[in-house]
Structure formats: C-alpha cells, structure tokens
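Below is one structure, written out as structure tokens; comments come after it.
The values are calculated or read from the model by the stated rules, or taken from the named source; none is laboratory data. As the structure is a computational prediction, the values presented were derived from the model and not from experiment. Cβ placement follows ideal geometry from the backbone for every residue including glycine, while neighbour counts extend to all protein chains displayed.
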Amino acid sequence: MPRQDPRGPFPDRVRALFGTGARTAPRSARRGPGAPAPRRASLLVRGIAVGLALAAVSACAVRTDQIARDPGVVRMALNGWVGYEASAEVLAYILREEMGYDVQLVRTDEQPSWQALDQGVLDVIVENWGHEDLMDLYGPEGNGTVVDGGPNGNVGGIGWYVPGYVVDEYPEIAAVDGLKEHTDLFRTAETGDRGEFLGGAPGFVTQDQGMVNAFDLDLEIVFAGSEASQITEVRRRYAEEEPVLFYFYDPQWLQEELELVRVDFPAWEPGCDEDLEWVPCDYPVYDMNKIFRTGFVEADEPSYQFLDNWTWTNEQQNEVARMIAEEGLDPTEAAEIWVDGNRDVWEPWLPEGRADR
Amino acid sequence: MAAVTRPAAGSGKAAPGGAGGGGPSLLRNTWVQAAAVVAVLVAGYWATRALGGPAWAGPFPTAVGDAFMAWLDGVYGWIVVNRNDSPLFLYFFNYVSVGLGSAVVLIDQFLGFLTWPGVTVLGVLTAWRVAGWRVALLVLAAFGVFALTGLWNESMTTLALIIASVFIALLFGIPLGVLAGRSDRFHRGVRPVLDFMQIMPAFAYLLPFVLLFGIGNPAAAVVTAVYAFPPVVRITALAIREVPGGAVEAATSLGSTPWQVLTKVQLPLARRTILLGVNQTIMLAVSMVVIASVIGAGGLGDAIYQALSKVNVGQAFQAGLAIVMLAIALDRVTGAVGHGARTPDVPERLRLPLLGGGLVLTVAVVAVARLMGVRGWPREVAVDLAAPVNAVYEAVQAAIGPTTAALGAWTLDWVLGPLGSLLTGSPWWLVTLAAAALAWIFSGFGAGAVSGLAFVGAGLLGVWDNAMDTLSQVLVASALTIALGVVIGVLMSRNDVLAAILKPVLDAMQTLPPFVYLIPAVALFSIGRVPALVAAVVFALPPVIRLVDDGIRGVPAPTLEAARSQGSTKWQLLTKVELPMARGSMLLAVNQGIILVLSMVVMGALVGAGSLGFDVVFGLAQNQLGLGLASGLAIVCLGLFLDRLTQGRRAPRA
C-alpha cells in the first residue's frame, strides 16, 4: 500500500489485480475439490478489472510503490545460495499449504533484491547479510520504502577457508601470519607466480581485496563467478587433495560434507572495514535479519505476522539445504519433508488463530 | 577458375573478395603484411619491457573513463532517489513496467485457464493449420516434453514472456522496418544503431533495463523485446526493398497514393520475407528469456539457473531440453508460415467451417478439462532424466577430468598467458595502431579507421587493461572455434551420414542456452579462463560448422568435375577449388564465430574468466551502473573491431 497518495486512494479492488504470478500454484485446487468455480469467475473479473486498471493508469501518474499486488500473494526474493533457498522454500511451503497464500519466489542478487523492495515489486528478503549502506539509502532514513524485520535466528560468518588436509600438513597456515609464509602453496596455472584466492559470486558481500592489501599477502583473487562453480572447483581440488584457499561462509551445507578450516584474522572491530581497499581485520559476524517492504508491514496481514514470528537455527537451515543441494531433491519436496517432520518447530510461527488450520 | 559464379549460399556482409582474381600472390602478400604488423607489436612489447615500462608506453590513461563511470553512478543515484518523483518515471517508465508486468501475468493466467489439454489442442491445431501435420506432431512432442519433464507451468510462463515481448518487438519493429525500407536516409541512420544492438552482449542489456523498469517480468519483457527487435527491422526493410520496382511503378502510375502502394503492393509482396524476420525475432527472444532469469524472470530460464546454482547438471539438462523443444517448435511453425510450405490443402469454402470447428473443439476441451478439475500437468507424472544425465556427467568427469585439466593448464601457460601479457603490456597506442593496420590490411581503409576508433573508445571508457585481457581470450577462442569448425564442416560436407547425424545435434546446440555449457566446463577444466574459453568454443561452433558445410556443398558440380578430370587429388580439390570458392561462406562463418564467442565473454565471467565480463556481472549484482555499462560498451568496441577485421574487402561488384 502506498504510504501517502496525493490523489487519494487507488481503488483497492483494482490494486488487487496485478502481481499474481509466475510460480504460483493454483490455490483453489490445493484447497480441495470444491473450489474451481470461484477461481474461474475471479479470473474473468480480474481480466476485466485489469483492463479497467490499465485505462485508469493511463490517466494518472504511476509511482512504483503503487505497483498493485494481490493481497493473497507473498513475493519473496530468492538470493543465490542454497541456505537462503532452504529458508525461503520452507516459509513458502507453510504459507501455501497451511495459510492458503500464493507465493512467488523471484531469483535475484542481494542488491537488486533491495531495489525490488524499494520499487514495490517484492515484499521480503528472508536472509540479509549486513548491507548497512543500503539500509541508509532505502530505510526509514532514506526513501523509507524498507524496514528492518529483526534477526531471523541464523548467525552467519564469512571468512577465508582452507581444507583440513592443508592444515594437517602446515598447522601454522590456520592463522594470517602462517598463511603469509605459504601463499606459494596456492599457486595455480591461472595466477602464475602468485597464490590464488578463490573468490565467491560477484553478488556476495566481500572485502577480500582490502584484506589482501592490508595483510600484504601475495595473492591474486580469481572470482569463481557463482556459488555453484566455486563449490564445483573446491570439491574437485578436495577430491585430489590439492591446496585451495577460498572465500566461504557458514551456514553452508558443504561445511558438513568437507572438513574445512577457517583462517584466523584479527577480529572485526567497528569501522575497520570502512575503506574496502584496506581492511586489516576479519569479516564481522552477521546476525542475519529479515528485510520487509514498508507497505507489507503496514498492511499487517497474517502473512506478515507469520514471517515476523519466524526464526530458526543454522542446523535447521542446513538440514533443508543439504536435502536440496546434496541429495538433489526438488526444493519444494525438501521443504515438505522438513515441514512434515517438524510441526512442533513451526507451529508457534503461525499467527494467532491460524494454528488450527 | 578465375571467373566462375560464386556459390549462392554465403551472402550478407561478408562480400566476396575479387573472386580469386589475384590468386595466391595477393593472398600471401596480405598475410605477410599482417605478420609484419604482429612482429612490430611484439617488438614494441619487448622494447617496452626493456625500458622498464615508461609512462608514455603504458596502458590507456583512465581519467576520462573514471569520470564517465562516476557520472553514470551519479545518474544511477539520481534515479534511485527520484524514481517516484520525476515525471519521466511517473508518466513513462513506470507505466511501461506496470503495463508489461500485467500483460505477462495475464497471458500466463490465460494459458493456465486453458488447462493443459486445452493448450495442447489449441497449439497442435494451429500448427497443423498453418504448417502441416509434421510440424503439428513436433508441437505435440514439445508439449509432451514440457509435461514429462515436470516443467509445464514454467514452460507456460516462458511462453507468456515470449508472446508479450515478441508482440512489443513487432509492434515497434515492423513500422520502423517499413520506414527504413522506404526511406534511404532513415535506413542509413538506423543501421549503425542496429549493428550496435546486435553486438552488445545480452548480459550488458540487463543492467540499464533493471534500473529503468525494475526487477522481474516487466524488465525481462522489455529487455527481451529490445534484444529481439533488430532482425525484424532489418528483414522488413530488406523485404520492402526487394519488392520489384516495376510493381510499385505500375501501382503509382495507376494513381495509387503512397499508403495504397504500401498496403496493397509492398506489404503483401513482402509478406513472406517479413515473416522470416518474425521467425528470427522469436528465436532471439527465446534465448534472451533464459538470460533474463538473472533479473528475476520466471519460467524455464529460472529452472536452468537454479539447477546450475546447485551444480545439478541433470536438472539443467531437463530444463534445457524443454527450451530446445520450445525453440524448435516455434521456429518450425513460424518458419513454415514464412515459406508457405506444406500447408494442408483446404478448399476455400471449407476454411471458415474448419476454423470454427477448431475453435469449438478447443472450447469443448477446455470446458471438459475445467469441469474435471484439470489444470497444469500433474508434476507426479514425469520422467526423471536428471539422474541418468548426472551419472553420465560424473563418469565422464572421472574418466577424462585429469587429462582436460592438464590440457587447460598448458593452454594457460603457453597461449592465453603470453597473448594476454602482449596485449596488456604493450603501449596502448601501439596496440591501437596494430589493430587498425590489421583491419586495413584485411578489410580496407574504412574498417581500419573504425577499428582504431573502437580501440580508442575502449580506452576512453577506462577499462583498457580488462579490454585487452578479454581480447586475448576472444582471439584464442575464435581461432580454436574456426579451426575446429572448418575441419568438422569439411568432414560433414564429405559425408552425408555424418551430416545427417550432426544436423539435429547442431540444431539443439544452437538453441541450448549458453548457461548450460558452463558447469561441465568447470568440472573438466577447473575455474578460470580456460573453462570459459571451452564454453565459448562449444557455443560458437555450430553456426561455423554449418556455414562451412553449406559453402562447400554450394560449389557447383561442373566445376568439381572439371577439376577432377584434370587430375586433381582430393587434397588439391579441397584446398584449390572448394575452399577458395566457398570463400563468402567461410568469411561469414569466421565473422559469426567471432561475434558469438564475444557474446559468451560475459557468461565466461560466471566461471572465473574475469576482465570485462566480470565487471558487467559485478555491475549488475552490486548495482554499479558505471562499471557495468562501461564494460558492456567496451565489449561492443571490441566487437566492432573484430567484425570489421573479418568482414572482408568489399569488392566492387563484377
């Protein structure tokens, strides 16, 4: 909903028409056999009303946060790592099956997701890592289009990792001083006579170059380009016990499949990562939080209340993420398995009066 | 063999040289000149190193480029703050995005409303009516694949996106094409714009459109429409121009107004050709829709993207198969309309009843299906291809992985590395001059001038080092593509069985989205420039093979007979007769191969190729418009150079 509209309220009936969407399952069908008729009628009404809406729209100015949406649809950003997907799919599954919502999961990178919230195209980011600068830009201090939804229970750590077998051979490598002595271990054909640091996906939070500069490490950053290709490469080298030094994070299901050791750096202190070209400290510990579109919060529907109540642990996330990434299950199936087996965990998340549905 | 007619197959901008007139001495001369230029460049590189890289012999200064990027970032910041205040957005961009977003959703809902039996009946009947029963069966098979891979809903979303964006592309493209067909001045003005649009890598389009139209379906539809629209303009213009002057003259002399000439003479006569342009537009839209999944478009592209982000090659293959079927079905249906071939022969008086009957049948099927509660295809009824594909993939990886990894390391040490340092380590003006000289030698003075300007442009954009790094990768990948393409193409032209086997494979490879090649490439060649190179070669190979094959098969039989009767060996026949006579096709093949390799540069960044492609991806992911757009434009500059270098001398027509 728009916060202030100088031209008076945009008819709710009309606004409800847009934005139903792509990956939505037919809600009525899921509710049981009695429902198809209203669905058809509502579709017709929607069709006519969208035409009317288009006519109305062509007569006045359009603000992006007015892009209309169906109150029955929750639109979630889906960022590019499996842990995020696990959270999003479980939430989507409960919203669909238990609360009767349609859920649209839109795959985007972190920054564009914020932009989409700002534009009113999405409602929620369920796992946000930091991004104070974006909060300044879009939050209550700036455009006022997004709000911090509080922690989601996951604690995230980004860091530099090496496989366990490297530390077995060179124990001192697990700290920055020892690493500095042994950067030549990580030389590859790609980087020539400098060590290779395998970066993450371009969309991820990073201060690696600043750390390389500040600690004077003889390393060159090679970006894997996506989480998938990075994992493929790490797995390949792990299988052959080749040394590899890379950007990684926790919670991440691969952490349980491979034995990885995090390299110690001086702990993060406020402000030490201000200049991204010179970062003499480790990554901060992130208490991951949820980000909501302001209008979504103000509407205060059960869908919002549910997402607001939700928190879960790193272990719970990994349980689902592993089913998706390692066992190759369809994300929806993985979510279904977890939801079926953990009713006591998620029932308290449901808003009051919904628990018995 | 001096003045033989040229094979009809190769055409387009790769105009033939002087039909082999000068013979080997001229050819040798050209190559000697080129070698001299390269020698000067290498000497310059060593001289620079010996002098310790003084400032006047360094890379391009970045001051202008930095200012340009900062300015773009400023624009970006302004848009973020003013998106809901500026009239430009309130009355234009926001409209487009709201309207388009809704259009996609509506079409998708309509397809959902039809239910799967309804969509299938409608699709198959339409295909049969416009393209005959063979194509109808193909369409049926495509629907079968959508259903059995469990991707019915995703396929419908993709179809909705394609319909919406092709509609917009045609809405603007056909009138522009007509205008360009009728006015020479407009045609001259619009051609460089279209050239630019076709060289710009698909990925680089995304960033500005996300900014203007937001994330998700609206931006995806607009970007797909814009990407797909050059061919329809070009081909419509061509079609209007090809209408015989006599017909237009006759109509004019009978007193027709220009409007009547257009609607009664030119458009009807040009209809077939225009439809081929529509066909091209649809094919481009299919490929862009997949890439647009990066900015939040749903559908099959999203399915591929998600599978790849989980390193699930099998799942990606399934979704890729669905895309291939969608593309082939759309291609055959619209292509058949264009060629007017194999339409069932329905007598005039039966046409209307037939149409009515088809509609009634469709409505009946939809009604029955809806009454029975049928909607999308049930996901449970699906064939799992993912598991076997994954098994094969892992077996291949285990079997040849070590060999390919070693091969990759060798390529880096001995080819990519030295070439990269040659280009980045030499003074910028020397590299620019060398590029201009090479283009001049191979394609004439105009091309040389454009190439020089393109290099200066890349420097002014502030991304010189990355541009040179990218150029070295593109050159190596292109050389490999062309070498392999010529060998396979020649083999294919010799052997009909091989050709019959390869043709459908090439078809599929051309429609398979480039994403799909990335993960296997990483598994076999590790991370870095090599897997990107491999993916680019695999992606660019099919059209090269096809053009070489076409060119050689187009050599007239009497000429071959003549050469044989004079006692030519097979090798002589190939090198002295067939390849020279297929020169037009070969040049086109080289040109196409290089441009396709260039279009994979950005994709390569997803597996660690770095340089320009990475900056485009990074700009998109981190909302850095300046860096992303400047790098995208630099890729266009490189594309201009490579295009001009390989277009060949425009010979005066004999």
Does the stretch B:85-94 contain at least one residue that is within 30 Å of the chain's Cα centre (by Cα), assigned to a helix (DSSP H, G or I) and buried (at least 18 other Cβ atoms within 10 Å of the Cβ)? yes
Please determine, by comparing only the residues of the stretch A:218-233 that are more than 7 Å from every other protein chain (Cβ to nearest Cβ) and charged (D, E, K, R), which one is nearest to the chain's Cα centre (by Cα). A:Glu220
Please indicate, with yes or no, whether at least one residue in the stretch B:597-604 is within 14 Å of another protein chain (Cβ to nearest Cβ), touching a Pro at 6+ places or on another chain (Cβ under 8 Å) and outside any helix (DSSP H, G or I). yes
For B:Asp496, all conditions in the list (1) buried (at least 22 other Cβ atoms within 10 Å of the Cβ); (2) without any contact (Cβ under 8 Å) to a residue 12 or more places away in the chain hold save one; what is the number of the exception? (1)
So for the stretch A:257-267 (the condition being surrounded by fewer than 20 Cβ atoms within 10 Å (Cβ to Cβ) and part of a helix (DSSP H, G or I)), does at least one residue qualify? yes
Looking at B:Ala454, B:Ala436, B:Ala458, which one is without any contact (Cβ under 8 Å) to a residue 60 or more places away in the chain, crowded, with 23+ Cβ neighbours inside 10 Å and not polar (S, T, N, Q)? B:Ala436
Of all residues in the stretch A:123-174, count the ones that are over 30 Å from A:Val261 (Cβ atoms), surrounded by fewer than 16 Cβ atoms within 10 Å (Cβ to Cβ) and aromatic (Phe, Trp, Tyr). 0
Quick check on the stretch B:141-149. Is at least one of its residues within 14 Å of chain A (Cβ to nearest Cβ) and at pLDDT below 85? yes
If I go through the stretch A:95-135 residue by residue, how many of them are among the acidic types (Asp, Glu) and at the interface with chain B (Cβ under 8 Å from one of its Cβ atoms)? 3
Taking the stated definitions as given, is B:Thr224 assigned to a helix (DSSP H, G or I), in contact with a Leu (Cβ under 9 Å, 6 or more places away or on another chain), at pLDDT below 85 and not acidic (Asp, Glu)? no
Identify the single condition in (1) on the phi > 0 side of the Ramachandran plot; (2) within 12 Å of chain A (Cβ to nearest Cβ) that B:Met372 does not satisfy, given that it satisfies every other one. (1)
Is it the case that the stretch B:406-420 has a residue that's of a type in the set (S, T, N, Q), touching a Ser or Thr at 6+ places or on another chain (Cβ under 9 Å) and not in a loop (DSSP other than H, G, I, E, B)? no
What is the residue count in the stretch A:198-255 for residues that are buried (at least 19 other Cβ atoms within 10 Å of the Cβ) and at positive phi? 1
Can you name the residue in the stretch B:491-534 that is in a helix (DSSP H, G or I) and of a type in the set (S, T, N, Q) and is also nearest to B:Ala327 (Cα to Cα) among such residues? B:Thr511
Confirm whether B:Ala70 is assigned to a helix (DSSP H, G or I) and buried (at least 20 other Cβ atoms within 10 Å of the Cβ). no
What tally of residues in the stretch B:463-489 results from selecting those that are more than 16 Å from B:Gly610 (Cα to Cα), over 19 Å from the mean Cα position of the chain (by Cα) and surrounded by 24 or more Cβ atoms within 10 Å (Cβ to Cβ)? 1
One residue is enough: does the stretch B:165-179 have a residue meeting the conditions touching a residue at least 12 places away in the same chain (Cβ under 8 Å) and within 23 Å of B:Leu321 (Cα to Cα)? yes
Can you pull out the residues in the stretch B:89-114 that are in contact (Cβ under 8 Å) with a residue 60 or more places away in the chain and more than 10 Å from every other protein chain (Cβ to nearest Cβ)? B:Leu100, B:Leu114
In the stretch A:175-204, what residues are of a type in the set (D, E, K, R), part of a strand (DSSP E or B) and over 13 Å from A:Ala224 (Cβ atoms)? A:Arg187
Out of B:Ala160, B:Ala169, sole residue that is in a helix (DSSP H, G or I), out of contact with any Asp or Glu (no Cβ under 6 Å at 6 or more places or on another chain) and buried (at least 20 other Cβ atoms within 10 Å of the Cβ): B:Ala169
